[in-house]
Amino acid sequence: MFYSAKSGKQAFYDHIYMETFVSTAKSCPEEDLQAVIFDCDGVLVDTEPLHYQAFQKVLGPLGLGHDYARYLDRFVGFDDRDAFLYAFKEAGRELCAASLAKLIEEKSAALGQLIKRGAPGFPGVVSLVESLRERGVVMAVASGALRCEVEAFVSSLGLDGVFSAIVAANDVKKSKPDPETYRLAVERLSRLGPNPLDPLCCLAIEDTPAGIHSAKSAGLAVVAVTNSFPATELTGANKVVGSLLELNFQAMVELLKARRKEKR
């Protein structure tokens, strides 16, 4: 169980996933880094304080508000859908589909107002993305946020048009830690070229245990950055860094090379 310090979340997840790590017999040249897929919140932009404020604007009037420490402990890693489901489940209250949809819409609107004031990026993000683009590495975003939110965050970083695909909460039936988000990202990137991508040549960058599980279950190697969780809770990743300033193209290539050797 990967949420050793988050028993409430783990209990919620227990019934919706099992370990399904994908292995593949395909191979690619030793130097290949075919694609890098970024999570958005907590990786590209420092949005957790913004999400927290937006959630409180919706949950507070319902008597379900909580402080930021509780948000970090219980809600980071959820998409909006699962965050509301969890909040109501924990309070022993029912939540119908129509009400859930309305809450998600209200939270998105609240977040939109906050984004207009600015969404800070993390150190090293823009330089890493630009260096990968210069080398011809295709990139995507695989996020639990809504598409309109992801696009706004990407735009706030000045990275419009850089990512060849975006998979958001609107696009999947099951959110992270289910692998659907990353599988769909790989599938969409594969459509852009003459040949399908090999997951053994693709890398995900994540910041949560749920995201790590999602990416690894889709067959990708994972670099985790300690923006949202300490390194001790990100041990499922192939590599953990304190900042994307510590990551570069060559380090990614070496990580994938080592992983392919392990798979032989």
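The table below gives the values:
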quantity: Every pair of residues 6+ apart whose Cβ atoms lie under 6 Å, when the first sits in the stretch 116-138 and is on the phi > 0 side of the Ramachandran plot while the second is outside any helix (DSSP H, G or I); calculated: Gly124/Ser243
quantity: From the options Ser156, Ser143, residue that is among the hydroxyl-bearing types (Ser, Thr, Tyr), more than 17 Å from the chain's Cα centre (by Cα) and either surrounded by 13 or more Cβ atoms within 10 Å (Cβ to Cβ) or within 28 Å of Ala204 (Cβ to Cβ) (or both); calculated: Ser156
quantity: The stretch 174-211 - residue that is closer than 22 Å to Val225 by Cβ and among the small types (Gly, Ala, Ser) and, of those, modelled with the lowest pLDDT; calculated: Ser175
quantity: Residue among Leu247, Leu255, Leu234 that alone is touching a Lys or Arg at 6+ places or on another chain (Cβ under 6 Å) and in the same structural domain as Gly124 (by TED's automatic domain parsing); calculated: Leu255
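The values are calculated or read from the model by the stated rules, or taken from the named source; none is laboratory data. Here the structure is a predicted model, which means the values were calculated and not measured. Neighbour counts run over all protein chains shown; Cβ positions are idealised from the backbone, glycine included.
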